[in-house]
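Since the structure comes first, as structure tokens, the remarks are kept for the end.
Read-outs throughout are calculated quantities, based only on the coordinates presented, and are distinct from any laboratory measurement. Predicted model only: the values in this text are computed from it and were never measured. Glycine also receives a Cβ, built like all others from the backbone with ideal geometry; neighbour counts cover every protein chain displayed.
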Amino acid sequence: MSTQAGPPPMVQAVGASKWFGDLVAVSDASFSIGAGVTALLGPNGAGKSTMLRMMCGLARPSNGSVTVLGKDPRSDVSVLGRIGMAPQQESLLDHLSGQEFVELAAQLHHLQRPVEAARQAIHTVELDPDDTRRLSTYSKGMRQRIKLAQAIVHDPLVIALDEPLTGLDPRQRREMIELFHRLGSEGKCVIVSSHVLDEVERFGSRVLVMAQGRLAAEGDFREIRNLMDDRPLRISIRTDQPRELAIALLDRGVISGCRLENTDLVVVDTTDPAAFRRAVAPVARDRDLSLLELRPLDDDLESVFRYLVAQ
């Protein structure tokens, strides 16, 4: 009895590596991506931009392969017209207006009606195609959106967006994420890189985690969050009675060690951050202690990814 195979991946990396002299930017990455939104998560310098450039045919793998729609984007020009990219770099043709910039992208893709296509793409990202100001006058958020407009003007099937939410206010981020999901629901493969964990959590999508050039983890966001929550965590607690709070938390079994820093500060280690979060406020209330500040000391992405790479 035969089984029906699923759709082929829209983007696939097999043992992909990229190095520049002695610098290894991406090391032996393998994954497959289909339609919908996929987040590429990692700290700055993790290799995300290099990975996206290989997907878009802008860089050739030093080893292994990266294919898009089953083809090599470096050697098969027919696939390039089905890829759209918004780079992280701020370099734009600043003497142009937004409409002129996106229209130029439409012309480079040989669209039959570049003016109309550009206007539609600019409307999609909620900018005004009749705005005649030069790109040099655009805010950071407007520059991000005009880059997205040129990436989608030719209606590509694969869309690679490098840190596209940087500089957007909360409302703009929410609307942009909604746009990503709308594009994904239309059958497009939308790959969004970010170094901000909270952004990726809002995607509610599949996540590829990169660290130190390696693919450290992959799965849906809940699986990645569980991996992160399972790691040891060091937390600084400011309280009016640090010694008493530390003893109470040790008694509860939610911390594995502690260190008094001064008369109102204790640093604790926990291997169960979720249990610690549930216990700390009730413990303070039961012992009549005041919690003035709780601050994770190693909850940045660098420490998270160092932990994931070590697993």
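One table, with the values for the structure above:
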| item | result |
| --- | --- |
| Calculated [θ] (222 nm, deg cm²/dmol) that DSSP helices of n ≥ 4 give over the chain, each run adding -39,500 (n - 2.57) | -10500 deg cm²/dmol |
| Sites ASN44 and LYS140, calculated FRET efficiency, Cβ-Cβ separation with R0 22 Å, nearest 0.05 | 0.85 |
| Amide H contacts under 5 Å for ARG214, placed H, 5+ residues apart | SER27 |
| Most to least packed among 85-96, 183-194 [average Cβ atoms within 10 Å] | 183-194, 85-96 |
| Percentage relative contact order, the chain, counting C-alpha pairs under 8 Å, at least six apart | 19 percent |
| Net charge dipole size for the chain [Lys, Arg +1 and Asp, Glu -1 on Cβ; Debye, nearest 20] | 500 debye |
| Residue-span extension gain [GLU186 to ARG133] - 0.36 nm each, minus C-alpha spacing | 15.9 nm |
